[in-house]
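J.: Let me begin by handing over the structure; questions about it come next.
The values are calculated or read from the model by the stated rules, or taken from the named source; none is laboratory data. Bear in mind that the values here come from a model prediction, so they are computed numbers and not experimental data. Here the Cβ positions follow ideal geometry from the backbone for every residue, glycine too, while neighbour counts run over all protein chains shown.
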Amino acid sequence: MSTSLPSRLNLSAGLASATVALVLVGLKLWALAGTGALSVAASAADSALDLMMSLGALAAMAYAARPADEDHAFGHSSAEDLAALGQSVIVGASAVAIGATALTRLLSPAPTALTHEVRGVVVMVVSILLTGTLVWWQGRVARRTGSKVVAADRLHYLGDLLPAMGAIVSLVAARAFGLMQVDALVGLGAAAMLAMGALRIFRGAWDALMDRSAPPEVLEGIRTLAENWPGVLGFHDLKTRTAGSRIFVNLHLEMDGDLPLRTAHEIGAGLKRTIVLAYPQCDVIIHKDVAARRLSG
């Protein structure tokens with residue numbers, strides 16, 4: 001079975017993420033060696049984590065793209081949730097480490113001197129340009145496919161933008177005004193942003209692993225389509241669950257019991273196609289039942 005378009009888009013975002021992360025790690029380590037700035041260190045550490053997690057996410061997306069088989073009748077998309085869960089834990093740990101170092105420097109009576117600030121500013125500007133381009137592409141892919149892994153990866157790089165801009169501010173402040181404490185403050189802000197993002201990704205991945213239902217707007221949209229579909233007299237037992245970027249939908253349609261089998265099948269198939277067209281991340285199973293009023297008539 002060929003790889004679907006959503007899977008190919010997810011993989012393209014994963015490859016772009018890993019490539020950008022590798023370039024940024026090299027640039028930021030070079031800048032860190034010259035400046036010694038905590039804000040640059042925070043940004044470099046985040047990019048190193050991004051590289052590690054991007055590689056893990058890429059492997060998870062490749063595995064999740066595999067079609068259903070005898071042992072995995074609903075596919076392998078839960079691998080994305082496991083990867084996102086691991087990503088959130090690692091990002092949270094890095095936030096704690098960066099925040100602790102920032103507090104130590106902020107409370108130190110002797111501020112740490114920064115050097116080679118121009119080198120650091122140039123690297124941070126390049127980092128912002130590369131990261132902004134990647135975030136734009138990841139955003140398009142995440143909206144198209146609903147992938148939690150791509151969304152989690154995008155969050156990491158969004159988290160890179162603020163520290164990178166903060167690093168520029170801290171380096172300029174150190175060079176122009178001798179304000180070394182700005183660097184520690186930027187580190188604290190970056191740590192807080194990373195921690196909040198990690199918590200949000202953790203909750204989303206955990207909910208999916210616990211078979212949380214589809215978002216309310218998706219449920220309401222499916223209900224509206226079923227209620228107004230020609231030939232459908234009613235429906236019941238609408239059940240959904242999320243797994244990775246997929247939403248699995250089970251729906252029982254109530255139809256006239258005197259309809260020919262072919263006609264009943266065409267009604268259900270038409271509704272299924274319409275639901276998938278409206279919500280491409282959905283995998284829909286439709287059951288046909290005889291309407292209760294026909295049974296009693």
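J.: Which residue pairs have Cβ atoms closer than 7 Å, lie 6 or more positions apart in sequence or on different chains, and pair a first residue in the range 180-195 that is assigned by TED's automatic domain parsing to the domain that holds L49 and under 10 Å from A102 (Cα atoms) with a second residue that is modelled with pLDDT of 75 or more and of a type outside the set (A, V, I, L, M, F, W, C)?
T.: G187/T101; L188/G99; A191/G99
J.: Identify, from the list L129, L171, L155, the residue that is modelled with pLDDT of 80 or more and in a helix (DSSP H, G or I). If you could, list the steps in order and put the result at the bottom.
T.: Numbers: L171 fails: modelled with pLDDT of 80 or more; L155 fails: modelled with pLDDT of 80 or more.
Step by step, each of L129, L171, L155 is checked, and only L129 is modelled with pLDDT of 80 or more and in a helix (DSSP H, G or I).
J.: In the range 225-256, which residues are small (G, A, S) and at pLDDT 90 or above?
T.: Once the filter is applied, which keeps residues that are small (G, A, S) and at pLDDT 90 or above, the range 225-256 yields A226, G231.
J.: Sticking with this one: What is the one condition in (1) on the phi > 0 side of the Ramachandran plot; (2) not in a strand (DSSP E or B) that D237 does not satisfy?
T.: (2)
J.: On the basis of being under 30 Å from F202 (Cα atoms) and not aliphatic (A, V, I, L, M), does R241 make the cut?
T.: yes
J.: Of these, I286, I222, I201, I247, which one is touching a strand residue (DSSP E or B) at 6+ places or on another chain (Cβ under 9 Å), under 24 Å from D153 (Cβ atoms) and hydrophobic (A, V, I, L, M, F, W, C)?
T.: Only one candidate passes the filter, namely I247.
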